[in-house]
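The values are calculated or read from the model by the stated rules, or taken from the named source; none is laboratory data. Quick caveat, the model's predicted, so the values are computed rather than measured. We place every Cβ from the backbone using ideal geometry, glycine too, and count neighbours over all the protein chains shown. Only protein heavy atoms, including side chains, enter the accessible area calculation; ligands, DNA and RNA are left aside. Shrake-Rupley method; radii C 1.70, N 1.55, O 1.52, S 1.80 Å.
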Amino acid sequence: MRMFQNLCGADKTYCNLYDGGWVKPSSGAYIEILSPVDGSLVGRVPAMSREDVDRAVANSKETLQSWAEAPIYERAQVFYRAADLLEEHAEEIGHVLTMEIAKDKKSAVYEVQRTADFLRYTADAGKGIAGEAISGDNFPGGSKNKISYVSRVPLGTVLAISPFNYPINLSVSKIAPALIGGNTVLLKPATQGSISALYLARVMQEAGLPRGVLNTITGRGSEIGDYIVTHPGVNFINFTGSTEVGRHISKLSAMVPLMLELGGKDAAIVLPDADMDFTADNIISGAYAYSGQRCTAVKRILAQDDVADQLVPRLLSRIVKLQVGDPRDNAVIVPLINTKAADFVMSLIDDAVAKGATVLTGGTRNGDLIQPTLIDHVTTDMRLAWEEPFGPVLPILRVKDMQDAIDIANHSEYGLQSSVFTNNIHDAFFVAGQLEVGTVQINSKTERGPDHFPFLGVKASGMGTQGVKYAIEAMTRPKAVVFNLDMKSH
Ligand code: NAP
Ligand code: G3H
């Protein structure tokens, strides 16, 4: 079965999920999604107007009460069915991901499978949502005759905005915890990535999600983004994307609670006693997978001279083995998402070279494909020391000692993750304790998963905590009902 066959009339034309069905944009306007792989047309998605957005929000309000009142067990059943459907269609959806965002075939299929696991885990976690009863006499002057019965209730309509690099997984990481908590959801995916996200919506529909509980909104963020995030019908915004857009949204969203997962500049701090081969393996896959287009990619190495000297040949010998080219052939180094992204990465390389850094390999481009690049002797006056390339470029900053590495790591505006590689447990915990990030990885590349771990950024890397349990908590609130058992008047 092809999941979208005949749903919207013309071939390669997609509609939005609205009130349980598939609707065309009222204006008739579409956005063409071209593949970063070969420039071919992946499809056309609706450019929704403000009126279309208003309808989607109103519809999600109509269904809020019935979904909030649906037994959690029933909500969970939809997730189990959706997970099965995702796995059944993993190859088909994986192919869409590959063509739409140039993710290698294996990682694309893995993203779909990981998402199925996320749905099942969230369904299980949802069944564990429990309230509590608090006796008044725990507090001075209180009485056993006052009991607060505390349950968790949904916030209302959640606006989920997802980025291009994980259109399926980072949509579900918002949608699933929101829905299991009884919220309705409006999903606004990245425009380049929206066809993949519409496949996900199709799966949720097919799995039996009641009408209006999930509606999708497609259209350019630059055109309708501000309108959606300031819509009075939105009760929570769950955003993943760049720090620039995240900051912009946080300025606009007065009094509406936010969860922000933003950019990063994850450091790999390598101490002299680290296992250099093991470290090099981790750094290579951490830095270059999907051409570095991951928030958690290793984005700088901080090491003393002698350590850097040992690492460089090990890194170079691994970089030459990276497959470069077509994601359909499972290449790791693939064309970046668009020309603007490739231009930006090249500008960081050019700036570093102009200021005296040494390109050890790479540094060239073929269209939007940038060769895996390793740059040594990057210094703190270079943009590459601080800015997030979101491309296959890894700078080495040579540091004086462990404290210098910690100071440079912390000087970043970002605070997503960082790694420390060492065989000394005391140093590992010392460095971990000093780093101003959401997560420190000891002897591993930086990475998000497993998806039930807390995942968060500090400083310009975000606000709020993802991870199944934490996201459910963030998108529900306590509701207290106080029983006053003593009816005597005082
Ligand atoms: P982006 O350009 O910030 O876009 C993210 C999302 O925001 C897209 O859906 C985009 O829609 C939408 N958007 C743009 N302007 C908007 C506005 N004014 N109002 C509302 N929505 C708006 O980011 P990206 O290029 O897709 O993703 C790469 C960035 O995301 C990197 O910085 C990366 O580090 C970060 N990221 C962080 C995490 C994390 O967990 N911390 C995970 C993944 C990615 P359009 O596509 O239509 O513009
Ligand atoms: O791009 C941001 C994702 O949250 C990273 O996930 O570490 O599994 O690639 P990942």
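Here is a check on your reading of the model: is residue 483 more than 16 Å from ligand 1 (Cβ to nearest atom), touching a residue at least 12 places away in the same chain (Cβ under 8 Å) and in contact with a Phe, Trp or Tyr (Cβ under 9 Å, 6 or more places away or on another chain)?
Values: more than 16 Å from ligand 1 (Cβ to nearest atom): yes; touching a residue at least 12 places away in the same chain (Cβ under 8 Å): yes; in contact with a Phe, Trp or Tyr (Cβ under 9 Å, 6 or more places away or on another chain): yes.
So residue 483 fits the description; yes.
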Which count do you get for residues in the range 97-124 that are in contact with a Pro (Cβ under 9 Å, 6 or more places away or on another chain), among the β-branched types (Val, Ile, Thr) and within 18 Å of residue 204 (Cβ to Cβ)? 1
Residue tally, condition touching a Lys or Arg at 6+ places or on another chain (Cβ under 8 Å), open to solvent by 10 Å² or more (accessible area, probe 1.4 Å) and away from ligand 2 (no atom under 16 Å from the Cβ), over the range 290-318: 2
Just to be sure before I move on: is residue 211 open to solvent by 10 Å² or more (accessible area, probe 1.4 Å), away from ligand 2 (no atom under 16 Å from the Cβ) and closer than 18 Å to residue 157 by Cβ in the structure I sent? yes
What are the residues in the range 459-480 that are open to solvent by 50 Å² or more (accessible area, probe 1.4 Å) and within 15 Å of ligand 1 (Cβ to nearest atom), if any? 459, 463, 470
Take the range 284-306 and flag every residue that is touching a strand residue (DSSP E or B) at 6+ places or on another chain (Cβ under 7 Å) and either closer than 12 Å to residue 393 by Cα or modelled with pLDDT under 95 (or both). 286, 287, 288, 291, 292, 297, 298, 299, 300, 301
Name the single residue, out of those in the range 323-374 being within 28 Å of the chain's Cα centre (by Cα) and among the hydroxyl-bearing types (Ser, Thr, Tyr), that is nearest to residue 285 (Cα to Cα). 373
Do we have residue 189 as within 12 Å of ligand 1 (Cβ to nearest atom), at pLDDT 95 or above and of a type outside the set (A, V, I, L, M) here? yes
Does any residue in the range 58-87 that is in a helix (DSSP H, G or I) come within less than 6 Å, Cβ to Cβ, of a residue that is acidic (Asp, Glu) and open to solvent by 40 Å² or more (accessible area, probe 1.4 Å) six or more places away or on a different chain, and which pairs are these? 59/19; 85/206
Residue list for the range 66-90, filter: among the polar types (S, T, N, Q) and within 17 Å of residue 212 (Cα to Cα): 66
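Residue-wise test of (1) under 18 Å from residue 121 (Cβ atoms); (2) of a type outside the set (Ser, Thr, Tyr).
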| residue | (1), (2) |
| --- | --- |
| 155 | no, yes |
| 169 | yes, yes |
| 178 | yes, yes |
| 187 | no, yes |
| 193 | no, yes |
| 196 | no, no |
| 226 | no, yes |
| 231 | no, yes |
| 237 | no, yes |
Filter the range 182-191 down to residues that are crowded, with 24+ Cβ neighbours inside 10 Å and of a type outside the set (A, V, I, L, M) and give me whichever is nearest to the chain's Cα centre (by Cα). 189
Residue 39 fails exactly one of (1) loosely packed, with under 14 Cβ neighbours inside 10 Å; (2) outside any helix (DSSP H, G or I); (3) in contact (Cβ under 8 Å) with a residue 24 or more places away in the chain, namely (3)
Starting from the range 110-138, keep only residues that are of a type in the set (Val, Ile, Thr), then list their pairs with residues that are open to solvent by 60 Å² or more (accessible area, probe 1.4 Å) and not in a helix (DSSP H, G or I) whose Cβ atoms are within a distance under 7 Å, requiring at least 6 positions of separation or different chains. 129/152
I need a count of the residues in the range 240-283 that are of a type in the set (Ser, Thr, Tyr) and more than 16 Å from ligand 1 (Cβ to nearest atom). 1
Here the qualifying pairs (Cβ atoms under 9 Å; residues six or more apart or on different chains; first in the range 140-167 and at positive phi; second of a type in the set (S, T, N, Q)) come out as 156/60; 156/183; 156/184; 156/235
Please indicate, with yes or no, whether at least one residue in the range 66-74 is loosely packed, with under 15 Cβ neighbours inside 10 Å, of a type in the set (D, E, K, R) and more than 26 Å from the chain's Cα centre (by Cα). yes
Selection within the range 420-451 - polar (S, T, N, Q) and either open to solvent by 50 Å² or more (accessible area, probe 1.4 Å) or away from ligand 1 (no atom under 16 Å from the Cβ) (or both): 422, 423, 424, 434, 443, 444
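Please state which one of 156, 126 is open to solvent by less than 10 Å² (accessible area, probe 1.4 Å), over 20 Å from the mean Cα position of the chain (by Cα) and within 17 Å of residue 76 (Cβ to Cβ).
Of 156, 126, the one residue that is open to solvent by less than 10 Å² (accessible area, probe 1.4 Å), over 20 Å from the mean Cα position of the chain (by Cα) and within 17 Å of residue 76 (Cβ to Cβ) is 126.
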Collect the residues in the range 91-150 that are part of a helix (DSSP H, G or I) and basic (Lys, Arg), keeping them in residue-number order. 105, 106, 114, 120, 127
